[in-house]
Amino acid sequence: MLDLVRLVLFFGILTGFAEVILVAVIKFASLASAPAGWASPDVRLRHSYVWLSPHIIWMAPLTLSVCLAFPAALLAFAGRVSRGILSIRNASVVLAFFCCLSLLNIYPRLYIVAVLVLGAGLAVQLGRLADARRTQFLGLVRRTTRWLVGALLLLAVTMNIGGVLRERMRVAALAASLDGVPNVLLLILDTVRASNMSLYGYSRETTPRLERLAADGVTFDMAIATSPWTLPSHVSMFTGRLPYEFTSNFLIPYGGEHTTLAEFFTERGYVTAGFVGNLVYCTEESGITTGFTHYEDHKMEPSEFVKSFALGRRLEQNPLLHRLLSHYDVFGDKDAAEVTDEFLSWVDNRPDNRPFFAFLNYMDAHEPYLPPERFQQQFGSGWERSNDLNTYFIRWAARAGRAQMRTEELAAEVAAYDGTIAYVDEQIGILLDKLREDGLLQKTVVVVVSDHGEQFGEHGLHVHGNSLYLPNLHVPLLVAYGNNLPAGGRVATPVSIRDIPATVMSLTSLSGGAPFPGRSLERFWEPVEEDSERVVEPVFSELTDIRGAPTTKSLVVGRYHYIWGENRTEALFDLQSDPGELTSILTPENLELVNSMRRMIAPHIRNDAALWERLPQNE
């Protein structure tokens with residue numbers, strides 16, 4: 001029996017470590033072998049995504065060992081019933097079979113039948129080898145198991161206790177904080193478009209708590225995202241930079257080319273923390289966590305252990321399992337209440353009551369739009385959404401056949417989406433009430449914004465990341481700071497979310513030496529001379545393809561929205577007369593206006609030689 005326990009630990013830990021090594025190879029070597037044009041030489045030195053917690057280093061070997069204990073127990077029981085079944089050969093075959101299944105599942109392109117056949121063949125051969133050299137094999141297992149267990153324990157302790165110690169060391173190394181500086185709270189409502197918020201006149205009461213906050217602050221009626229998807233928009237909000245000024249795409253994390261808000265505030269004695277629901281593009285892998293003294297992304301829960309090894313991930317993604325458990329999102333997803341609770345727990349126990357910069361990402365409004373039960377029918381359309389096997393169980397897969405949805409189905413999608421917004425609004429209200437109760441809200445700069453919007457059939461498009469039309473770009477933006485801003489102010493002029501860092505610097509009086517470009521939005525509520533006019537500035541956005549190559553760029557200038565795409569495609573919309581962007585006014589009669597737009601967008605294209613050559617020059 002002792003040998004069986006050793007075999008379980010030997011196979012489990014060794015396979016777990018092997019999986020970790022293979023995942024690391026995939027993570028760090030995939031870009032180096034990517035086809036030409038997918039990444040520049042310097043970017044090829046970076047890593048790509050595997051979308052897993054770094055704790056898989058110890059979770060995978062531990063979880064595999066626990067999983068192997070079950071077939072080992074069955075084998076031990078069978079050995080009591082029939083002598084001869086519990087042999088080194090049989091035990092090795094059974095344990096090696098499960099290990100091979102997991103290792104082979106690292107490569108998702110292998111068909112399940114191929115995995116089973118290959119796994120069985122390898123296991124049988126390993127069993128024969130173990131039986132033929134039984135003494136040497138058992139000696140190897142006995143000698144190495146203790147070292148494997150020791151390495152596993154060391155990694156688990158180091159990564160858990162080490163993380164706590166690192167955070168304490170970062171806090172201890174902070175400079176003395178300045179007196180009287182406010183806290184900064186950045187609340188990002190992932191995938192929330194402005195047009196579905198009652199704060200912006202939507203007929204459904206989706207954001208009553210944000211409306212209450214807006215009564216004490218300034219709301220921007222035409223805030224424009226720099227990109228229609230998460231990562232570049234977040235980087236813009238953290239650095240003040242436009243997407244073409246840094247390197248990232250759907251497969252490559254942000255490269256850290258520019259100073260972030262977290263880094264800047266940390267250098268000035270703030271404690272900095274991030275709490276995120278987006279576990280795809282807002283984790284430590286994304287590259288945006290640099291500078292934070294505290295960061296919470298992946299949860300330490302059973303689903304993370306299951307996802308730590310390849311066979312577990314394959315099972316976790318099985319739609320039948322999701323239907324059986326009535327869970328139609330990814331396992332381990334983090335809802336708004338959890339993000340709020342994480343932040344409130346941290347802020348109550350932050351070191352030395354220092355001023356803080358905190359970033360929260362609420363992911364609930366992202367597809368598949370699954371609000372808690374009490375919000376599911378709040379805006380019910382009368383049509384029941386069907387949780388079929390291929391519909392809602394993973395976040396990052398756009399629902400197949402969206403373009404063919406009937407009117408009732410689309411209405412149900414929108415109603416569910418509105419329910420998620422109302423849920424996030426409720427949780428923000430809880431957060432603000434607690435800060436107010438603790439006397440913190442009055443001395444905290446609060447910025448509420450979204451990284452991008454969402455499409456529900458406009459221009460025949462759904463979800464996001466695929467166009468630069470307003471449903472993807474028009475996002476909420478609200479700034480509040482106690483009694484320091486014009487109460488209930490509204491700004492109609494189009495503004496960019498890239499100006500958030502400059503605005504925060506101005507409100508905290510830390511602009512001196514700040515590395516953030518852009519201009520403070522404070523200019524819109526400061527008094528101006530009667531005979532002066534505010535300059536209407538172009539607001540830039542960009543869409544890249546999966547490789548990071550720019551495909552479409554746009555400008556919002558006053559009432560006009562100009563979209564320029566590759567292959568010399570252009571469109572110009574008058575948002576005042578055509579808010580739905582249904583008819584382009586790019587006609588010979590408007591050539592002067594079009595050429596003006598071309599001149600304004602030219603600086604944003606000139607850095608891309610291939611695109612610059614295709615820019616029409618009809619001045």
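The values are calculated or read from the model by the stated rules, or taken from the named source; none is laboratory data. Keep in mind it's a predicted model, so treat the numbers as computed, not measured. Counting neighbours? That spans all protein chains shown, and the Cβs are built from the backbone with ideal geometry, glycine included. SASA here: full protein model, heavy atoms, side chains in, ligands and nucleic acids out. Shrake-Rupley method; radii C 1.70, N 1.55, O 1.52, S 1.80 Å.
Points to keep in mind about this one:
- With DNA, RNA and ligands ignored, accessible area of Met159 (1.4 Å probe; Å², nearest 10): 50
- Label-point separation in nm, Arg128 to Ala76, each point 7 Å along Cα→Cβ: 3.0
- Pairs of Lys residues in the chain, spaced 8 or more positions apart or belonging to different chains, with C-alpha separations under 22 angstrom: 7 in total.
- Close amide H pairs (under 5 Å, H built 1.01 Å from N) link Arg204 with no residue at least 5 positions away or on another chain.
- When peptides 586-596, 342-352, 50-60 are ranked by their average number of other Cβ atoms within 10 Å per residue, the highest-first order is 50-60, 342-352, 586-596.
- Charged-residue dipole, Cβ positions (Lys, Arg, Asp, Glu), segment 37-195 about Cα centre, Debye nearest 20: 800
- Simple rule: put +1 on each Lys or Arg Cβ and -1 on each Asp or Glu Cβ in the chain, find the dipole, and look at Met505, Val25, Leu4; the Cα lying farthest toward the positive end is Leu4.
- Between the C-alpha center of segment 427-467 and that of segment 162-237 there is a gap of 6 Å.
- Protein-only accessible surface at a 1.4 angstrom probe places the residues Asp329, Asp438 in the order Asp438, Asp329, largest first.
- For His462, nonlocal amide neighbours, meaning residues 5 or more places apart or on other chains whose placed amide H falls under 5 Å from its own, are Gly457.
- On the chain, 58 percent of the accessible area sits on carbon and sulfur atoms, based on a 1.4 Å probe.
- Shape of segment 38-169, Cα gyration tensor, a/c cut at 1.5: oblate
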